[in-house]
Amino acid sequence: MASTLFRTIQIHPFLLYPTALFSGRNGVLYCTMKSSQTQTATQEKQQPPKVKVPQHALKKTVDKITRDYEAIIGIETHVQLSTLTKAFCSCPYNYGSQPNTSICPICMGLPGALPVLNSKVIEFAVKLGLALNCKLSLNSKFDRKQYFYPDLPKGYQISQFDIPIATGGYVDLDLPLEFGGGHRKFGITRVHMEEDAGKLLHSGNGDYSQEITSLTSIYSYFSKHTVDLNRAGVPLLEIVSEPDMRTGIEAAEYAAELQRVVRYLGISNGNMQEGSLRCDVNVSIRPVGQSEFGTKVEIKNLNSFSSINRAIDFEISRQALLHSQGLSDQIVQETRLWEEGAQKTVTMRKKEGLSDYRYFPEPDLPEVILTQEYVDSISNSFPELPEAKRRRYEKMGLSMQDVLFLANDMNVAEYFDATLSSGADIKLAANWIMGDIAAYMKNEKLSINDIKLTPQELAELIASIKSGTISGKIGKEILSELLAKGGTVKGLIEEKDLIQATRVRNYRVYPYERTELNFLIADPVEIGKMIDKVISENPKQLEQYRGGKTKLQGFFAGQVMKLSKGKANPGLLNKILLEKLNGQS
């Protein structure tokens, strides 16, 4: 019944703040509550005109920023945990479900409803704390963080304040080569458990500033603004970084590494578009060499890693330009929103000081006490984490580009490892996965778990090409069919009669008389004739090759393959070609 009743509840802020929201004017009540967007617009009208930052000016300041200013960046990340039920009740949570269909008296904050802690939340918190190299608090507790907002029905959030479950960690990562590469290590201040709030739903124009002159207009207006409590009480882990990042790309890669870690651990899907991974970025700048921090600005509404990168770079440029123009006093402590369409940050609300959340210990929940045996049991069941996997792949001799691609997705890494376990060559396996298989998945919008090709058959395909049983061209044809329909490499070779068929006669190798285009030419005499023809038609290139430009061997090989319509045996071709180019035959 509670669930049914709550579906009809809408936001009535005037009931929460009766004295603050209405004022009398000629005997008529007016609602003075405004949305954040309206407040921002009003504040900007009242304030002196601010300096506009044209795009060409921003570009010109990039070099100056790098030389004269240092950015200080920290991130607060909220990770939504993939538990079957909420943090303190038995309600399930399914993203995208109808509003207020997964609620109960506990997550509605009804009087007398008591929370019961989900033990999986503690397990996942310990996992993340260990993965981020933190020191665990064997004795921690929950606290009430008190603030008033329509999506927080209790009037407080159950969180952790002075004794979080994990502190003092760090995360290692490697920057992509296109952004300069290199290894980075960023500090983690703390990891703590808390519950999520509900979600406000708006329809219509969202204008809270209209005049309300009757009870009918009140209900008509507020019917456009409702609250969905499905998300209220969903367990979160908040990760607070040290202010160790200096560029937008470092911050974006830090957030991406957190996503990899939580996915490897299996504690969250980490999908930013669903709100399972949310990042609030704090940015300030200071002159190079100055130890004192500048004024901190918080940026919200960042729903992708590229948005994090671009929002930070814009904010650094904005602040640096104000500094360079002697207008540093216009950099105030505030929360700004990233506008994706306009590619800029805009003021959301000012912060005049630290919020007083009046924390005190949660009286309805006991302390969280961990034993060392419990922690060890979790630690011993750990999977190989992204950083360890990258270092292992690096020791295999793979390039950093290969390493970053393969370790980025846990499922891709598992597929690669399974292919190697079946005896595949390391570099060839990496090339096939990063090339043709990745292209197929992108075109078909599939994950590696959705394709029909098994790691064992990929290893068999690589072995067949390497042994000369089939050519690389035929291998690609087989791969396409295996990806889409499945099957076995040997089965397809036999079914389509694709094997490189040869026989020995008088100690010489001749191809069988076949008409199929899939057969390779393995007759050294025939290949030699084609090479002679190509060399005779390209005397200038031959002279250049013999003059020291040995890379032209690839040119000659390409011409022979073109002449043979791709059917010349590559190994035999290169062997004979090298002999003829060097004048040995």
Among (1) touching a residue at least 12 places away in the same chain (Cβ under 8 Å); (2) within 25 Å of the chain's Cα centre (by Cα), where does Y374 come up short?
(2)
For G181, only one of the following conditions fails: (1) crowded, with 16+ Cβ neighbours inside 10 Å; (2) under 29 Å from the mean Cα position of the chain (by Cα). What is its number?
(1)
Could you check, for the stretch 368-376, whether at least one of its residues is open to solvent by 50 Å² or more (accessible area, probe 1.4 Å), modelled with pLDDT of 95 or more and in contact with a helix residue (DSSP H, G or I) (Cβ under 8 Å, 6 or more places away or on another chain)?
yes
Which residue, of S140, S97, is closer than 26 Å to R263 by Cβ, more than 30 Å from the chain's Cα centre (by Cα) and assigned by the TED database to the domain that holds D228?
S140
In the stretch 268-308, which residue that is more than 15 Å from the chain's Cα centre (by Cα), not in a strand (DSSP E or B) and not hydroxyl-bearing (S, T, Y) is farthest from S324 (Cα to Cα)?
N301
Test set (1) at pLDDT 90 or above; (2) open to solvent by less than 70 Å² (accessible area, probe 1.4 Å); (3) not hydroxyl-bearing (S, T, Y) - G341 fails condition number:
(2)
Among (1) assigned to a strand (DSSP E or B); (2) open to solvent by less than 20 Å² (accessible area, probe 1.4 Å); (3) at pLDDT 95 or above - the single one V240 does not satisfy
(2)
Collect the residues in the stretch 243-275 that are at pLDDT below 95 and hydroxyl-bearing (S, T, Y), keeping them in residue-number order.
T247
Any chance L492 is hydrophobic (A, V, I, L, M, F, W, C), surrounded by 15 or more Cβ atoms within 10 Å (Cβ to Cβ) and part of a loop (DSSP other than H, G, I, E, B)
no
Quick one: I312 ticks every box in (1) β-branched (V, I, T); (2) assigned by the TED database to the domain that holds T247; (3) in contact with a Gly (Cβ under 6 Å, 6 or more places away or on another chain) except a single one, so which number is it?
(2)
Please go through the stretch 394-426 and pick out each residue that is open to solvent by 50 Å² or more (accessible area, probe 1.4 Å) and of a type in the set (V, I, T).
I426
When the residues of the stretch 244-267 are narrowed to those that are assigned to a loop (DSSP other than H, G, I, E, B) and not charged (D, E, K, R), which ends up nearest to G182 (Cα to Cα)?
T247
Do you know which of the residues in the stretch 539-585 that are closer than 23 Å to I521 by Cα and basic (K, R) is surrounded by the most Cβ atoms within 10 Å (Cβ to Cβ)?
K567
Identify, please: which residue in the stretch 95-141 is in contact with a helix residue (DSSP H, G or I) (Cβ under 7 Å, 6 or more places away or on another chain) and of a type in the set (V, I, T) and is, among those, most open to solvent (accessible area, probe 1.4 Å)?
I103
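The values are calculated or read from the model by the stated rules, or taken from the named source; none is laboratory data. Nothing here was measured: the structure is a model prediction, and the numbers come from that model. Because the Cβ atoms are built from the backbone with ideal geometry, glycine has one as well, and the counts that use them run over all protein chains shown. Heads up: the accessible areas ignore ligands, DNA and RNA and are worked out on the full protein's heavy atoms, side chains in. Shrake-Rupley method; radii C 1.70, N 1.55, O 1.52, S 1.80 Å.
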